[in-house]
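The values are calculated or read from the model by the stated rules, or taken from the named source; none is laboratory data. All values reported here derive from a predicted model rather than from experimental measurement. FYI the Cβ positions are ideal-geometry reconstructions off the backbone, even for glycines, and counts take in every protein chain you see.
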Amino acid sequence: MPQPAESRIEGFYRLDPLERRARVREFAQLDDATTAALAGGQLGLAKADKMIENVVGSYELPLGVATNFRINGRDRLVPMVVEEPSIVAGASYAARMARESGGFVASHTDPIMIGQIQLIAVADVATAMTKIHASRMQIIESLSVGPRQKFALLRVGEHEVLVGITPTQMTSLAQWPADNSSQLSITPSDSGSIIHATLSETKAPHVA
């Protein structure tokens with residue numbers, strides 16, 4: 001059984017960029033396409049235009065690798081995109097000291113999304129608060145369809161709403177009276193065609 005690769009690479013900083021790339025490829029067992037992408041200039045306008053709004057081009061920064069990291073008992077090479085000298089070297093040195101006592105231990109909590117809506121010039125605050133509480137939103141179910149995209153079924157007052165959620169926007173796809181939800185029967189095998197049909201009929205708004 002092959003031994004796990006170590007992130008402690010002696011003299012890594014003395015190697016030229018092509019030699020470092022070869023060592024990273026060996027450590028992470030990268031294929032040809034992924035290794036070629038490390039050369040930079042691979043993003044292109046078509047991909048960039050799908051990532052953010054109002055794209056006019058792309059901008060490159062140096063991509064370095066911090067060595068010596070051991071996280072949760074496993075050696076890691078940590079990619080870092082920075083423009084300031086000494087950051088990668090400092091991180092590598094700190095990781096070298098930490099690995100002598102076992103490295104780093106990391107954990108995470110579930111993601112939390114919050115938002116605020118401000119209402120101004122409300123004539124009857126008490127009545128408005130009563131209506132808001134009566135229409136409080138509940139998350140009934142959610143389905144991840146990508147690394148950062150999901151569908152969610154919400155109950156808002158007397159309606160259920162199907163929404164699509166990305167890191168930059170939430171789009172309403174369909175809605176129906178909550179009382180009718182008991183009449184719906186959707187099996188997992190039906191979900192793909194239902195989602196496809198819903199998205200085919202729905203266009204997300206564009207924000208300039």
Exactly one condition in (1) exposed (fewer than 14 other Cβ atoms within 10 Å of the Cβ); (2) in a strand (DSSP E or B) is not met by Asp75; state its number.
-> (1)
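Among the listed residues Ser92, Ser86, Ser107, which satisfies the condition of being among the hydroxyl-bearing types (Ser, Thr, Tyr), modelled with pLDDT under 95 and in the same structural domain as Pro17 (by TED's automatic domain parsing)?
That would be Ser86, the only listed residue that is among the hydroxyl-bearing types (Ser, Thr, Tyr), modelled with pLDDT under 95 and in the same structural domain as Pro17 (by TED's automatic domain parsing).
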Selection status of Arg74, under 17 Å from Pro4 (Cα atoms) and without any contact (Cβ under 8 Å) to a residue 12 or more places away in the chain = no
Out of Glu141, Glu160, report the one residue that is acidic (Asp, Glu), surrounded by 14 or more Cβ atoms within 10 Å (Cβ to Cβ), modelled with pLDDT of 85 or more and not in a loop (DSSP other than H, G, I, E, B).
-> Glu160
